[in-house]
Amino acid sequence: MIGQIDFLKNHLPFSLLPDDVLIGVADVLEKVTYTKDTFIYQQEVTKMKGVDILVEGEYESFFYDSAQNKRSLEIHHAGYCYGGISVLLNRKRSLKTVIAKKGTVIYFLPRKEFRALCRGFEEFFHYFTTQFGNRMLDEEFVHFFKKPIAFEESYIASEQLYSRRIESIEYREIVWCREDTPIYQTARIMAANKVSCLFVKNEKDEISGYVTDITLRDNVTAKQADAAQPIVKVMDNPIVSIDSHAYVYEAILRMFNTKTRYLLIKDKGNYIGFLSRNKLLSEQAESPLVFIQSVKQARSTEELQRKWNQVPKFVTQLLTKGVHAEIVNQVITTIADTISLKVIDNAIAEIGQPPAKFAFMVLGSEGRKEQTLKTDQDNAIIYEDKANEHREEVREYFLRFADMVSTSLDFVGISFCTGDYMAKNPKWTHSLSHWKRNYESWMSDSLPETVIQFSTFFDCRFIYGDKSIFDELQQFIDSALENPMQKLFFFMAKNALQYEPPLTFFKSIKTVTKGDREVFDIKKTMTPIVDLVRVYALRNRVFEVNTGERLKVLCEKGVFTEKEYHELMQSYYYLMGMRLRSQARQIAQDHTEPDNDIDLKSITKIEQVTLVEIFKTIRDFQSKIRLEFTNTIFG
């Protein structure tokens, strides 16, 4: 027994226990010896009867993938305790598959006694939870640890296909002409109405056929037909229709069975619109690219609004399939950008071409391509400098234009910015020379309040207009940063220290009470990472705006080590994934406005443990930035 006690005293976590407790532990240990390559535990199958403490030899632990390859392979040596995480955090099932190598000797501690130690000694218990939290920062470990997606979640899209009705889909208005309309005139009608399908009515006011771009190409242009002859001579038929109450899958089957590209929609015997095959299929497609294409095809602000309202459901599907949070961010941002481009085009079509070159830029989380489902609009306009006699005219146009764009985006669902950082605010629609003075002032005359207020303008991204204007502003900022900017970086670093990770003195998650909920603000938790990466990026003149892209370049430049890079990347996107899932759940399941509050009751013990480790990582990086930029370890 003395040998066992001495062994335990020299190895964590048993070295954390009092001597008298170790005597009791040694008394219940069972010594076991394994021969070469003994298969001991099978991942997610073997029920753990206790924990193993390696005395001699090696344990090999790993996950088997679908091809029976060993993944997340680890070799454990004397002193390692296997099974603690499995007993505490994995329903008593072995977390990984384990093979013992030749000559392996272990001390086996029964589950009952192990649990008693965890209940009685918090530091002993936290050794295992901390170990697990560190592992959850490893992407491969997380991938193989994840439980299979529930059947219901896996088939969300299929269920929609078989339960969704035609009436729920945005159909097109019917544009038509008479059978005796000359071919060239039908082409003009199609061009004027921006449609690729024109229906043809007979003298009884019945739809007798249709003409498409392909019809005109194949039956007129290719055959050098007379464009003055009536459209009835070249139109296509038959007409295929379906009731608006029919199911989507019925419409798709009918289209493929009849080989038609267009389907008329009937309601109470009357035609009310039509659907194209591409439109119908794009509505069902799960591919982000196809969904974005359907956004590009939207014809009205109302349709853009309906598309934006579909984003939470779409995001839920992506997250359920295990799509990385960074990619989900980019999908949301691309959809928002696509909507913004449509809105800008519509505004220009309504008020006419701008009287000067301009660049429309987005800021903040949209600028960083890190939008979530609780998002507002942050944008600004830069226009070229004009002679004095035209300045008022140009400014009047862009202020009106900005108001139209911001108002339309708000209608769609991308809300007005609560801080008023929008182009519709006259402060943020200005000439290039004015913007240069803004940035010069923010950088050279830095004050704590201005750095906090205007840091979002250092996360700016061009999306529309003349990019050369935006590039000139970026070059101006780059040149300015060649000069010493210690005051700017000092206050930016202080800004990154404003929000402390929500950790209590005892290393648990600090919450605030909201009603009957104990919550923490996950956005504020992520803010220090965004802020500290931004200040390092500016000091090193890195002009990527996305946090992940900034980190990658900073790592390549040697500003961050590989270890630091992976710690920050994994921490940031773990938090982002949790934030997106929470918001999607609030919208889709609770039918409430999304927020950034995470209720501790809504997350698992495993997630809580992982969060604690992430908060420690953030706090460590804050210590680094405090020392490096403010020359003090205390702030």
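The values are calculated or read from the model by the stated rules, or taken from the named source; none is laboratory data. Small disclaimer: the values here were computed from a predicted structure and weren't measured. Quick reminder, even Gly has a Cβ in these numbers, built from the backbone with ideal geometry, and neighbours come from all protein chains shown.
Annotation note: of 456, 407, 429, the sole residue that is within 23 Å of residue 336 (Cβ to Cβ) and free of Cβ contacts under 8 Å to residues at least 40 places away in the same chain is 407.
Between 458, 398, the distinction of being buried (at least 19 other Cβ atoms within 10 Å of the Cβ) and closer than 28 Å to residue 569 by Cβ belongs to 458 only. Listed conditions (1) exposed (fewer than 15 other Cβ atoms within 10 Å of the Cβ); (2) over 19 Å from residue 242 (Cβ atoms) are all met by residue 167, apart from (2). Of all residues in the stretch 410-422, which are buried (at least 18 other Cβ atoms within 10 Å of the Cβ) and either under 16 Å from residue 458 (Cα atoms) or among the β-branched types (Val, Ile, Thr) (or both)? Scanning the stretch 410-422 gives 412, 414, 421, 422. Evaluation of residue 184 against the conditions (1) over 43 Å from the mean Cα position of the chain (by Cα); (2) assigned to a helix (DSSP H, G or I); (3) surrounded by 16 or more Cβ atoms within 10 Å (Cβ to Cβ) shows that the sole unmet condition is (3).
One line per residue, one yes/no per condition, for (1) under 24 Å from the mean Cα position of the chain (by Cα); (2) surrounded by 19 or more Cβ atoms within 10 Å (Cβ to Cβ); (3) farther than 19 Å from residue 602 by Cβ:
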{"site": "490", "(1), (2), (3)": "no, no, yes"}
{"site": "493", "(1), (2), (3)": "no, yes, yes"}
{"site": "525", "(1), (2), (3)": "yes, yes, no"}
{"site": "542", "(1), (2), (3)": "yes, yes, yes"}
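Annotation: residue 107 fulfils all but one of (1) under 17 Å from residue 50 (Cβ atoms); (2) hydroxyl-bearing (Ser, Thr, Tyr); (3) in a helix (DSSP H, G or I); the unmet one is (3). Every test in (1) aliphatic (A, V, I, L, M); (2) assigned to a helix (DSSP H, G or I); (3) under 20 Å from residue 374 (Cβ atoms); (4) in contact with a strand residue (DSSP E or B) (Cβ under 8 Å, 6 or more places away or on another chain) is passed by residue 529 save one, and that test is (4).
Residues in the stretch 226-261 that are within 35 Å of the chain's Cα centre (by Cα) and part of a strand (DSSP E or B): 247 only. Scanning the stretch 107-121 for residues that are modelled with pLDDT under 90 and either over 40 Å from the mean Cα position of the chain (by Cα) or not assigned by TED's automatic domain parsing to the domain that holds residue 33 (or both) yields 116, 120. May I ask you to verify whether residue 56 is closer than 30 Å to residue 607 by Cα and either of a type outside the set (Gly, Ala, Ser) or in contact with a helix residue (DSSP H, G or I) (Cβ under 7 Å, 6 or more places away or on another chain) (or both)? So residue 56 does not fit the description; no. When we screen 434, 430 for residues that are surrounded by fewer than 15 Cβ atoms within 10 Å (Cβ to Cβ), more than 23 Å from residue 593 (Cβ to Cβ), at pLDDT 95 or above and in the same structural domain as residue 459 (by TED's automatic domain parsing), the only hit is 434.
For the criterion of being within 48 Å of the chain's Cα centre (by Cα), among the β-branched types (Val, Ile, Thr), at negative phi and at pLDDT 95 or above, residue 45 fails. The residues in the stretch 341-356 that are among the small types (Gly, Ala, Ser), more than 34 Å from the chain's Cα centre (by Cα) and surrounded by fewer than 16 Cβ atoms within 10 Å (Cβ to Cβ) can be counted, and the count is 1.
Which condition breaks for residue 563 when tested against (1) surrounded by fewer than 16 Cβ atoms within 10 Å (Cβ to Cβ); (2) part of a loop (DSSP other than H, G, I, E, B)? All conditions are met except number (2). Filtering the stretch 359-392 to residues that are aliphatic (A, V, I, L, M), touching a helix residue (DSSP H, G or I) at 6+ places or on another chain (Cβ under 7 Å) and either in a loop (DSSP other than H, G, I, E, B) or outside the structural domain of residue 430 (by TED's automatic domain parsing) (or both) leaves 363, 373.
In this structure, is residue 158 small (Gly, Ala, Ser), part of a helix (DSSP H, G or I) and modelled with pLDDT of 90 or more?
no
Does residue 479 count as more than 25 Å from residue 547 (Cβ to Cβ), in a helix (DSSP H, G or I) and of a type outside the set (Phe, Trp, Tyr)? Against the criterion (more than 25 Å from residue 547 (Cβ to Cβ), in a helix (DSSP H, G or I) and of a type outside the set (Phe, Trp, Tyr)), residue 479 does not qualify. Kindly evaluate residue 593 against the criterion of being at pLDDT below 90 and over 30 Å from residue 91 (Cα atoms). Spelling it out, residue 593 is indeed at pLDDT below 90 and over 30 Å from residue 91 (Cα atoms). Scanning the stretch 323-358 for residues that are closer than 22 Å to residue 392 by Cα, among the hydrophobic types (A, V, I, L, M, F, W, C) and either touching a Ser or Thr at 6+ places or on another chain (Cβ under 8 Å) or not in a strand (DSSP E or B) (or both) yields 344, 347, 348, 349, 351, 356. Can residue 549 be described as in a helix (DSSP H, G or I), among the charged types (D, E, K, R), under 29 Å from residue 447 (Cα atoms) and not assigned by TED's automatic domain parsing to the domain that holds residue 332? The answer is yes for residue 549.
Please give the number of the condition residue 316 fails out of (1) touching a Leu at 6+ places or on another chain (Cβ under 7 Å); (2) assigned to a helix (DSSP H, G or I); (3) touching a residue at least 60 places away in the same chain (Cβ under 8 Å). Status for residue 316: all satisfied but (1).
Tell me whether the stretch 293-300 contains one or more residues that are exposed (fewer than 15 other Cβ atoms within 10 Å of the Cβ), modelled with pLDDT of 85 or more and not in a loop (DSSP other than H, G, I, E, B). Checked the stretch 293-300: no residue is exposed (fewer than 15 other Cβ atoms within 10 Å of the Cβ), modelled with pLDDT of 85 or more and not in a loop (DSSP other than H, G, I, E, B). Residues of the stretch 584-609 that are crowded, with 22+ Cβ neighbours inside 10 Å and either closer than 14 Å to residue 519 by Cα or of a type in the set (Phe, Trp, Tyr) (or both): 598 alone.
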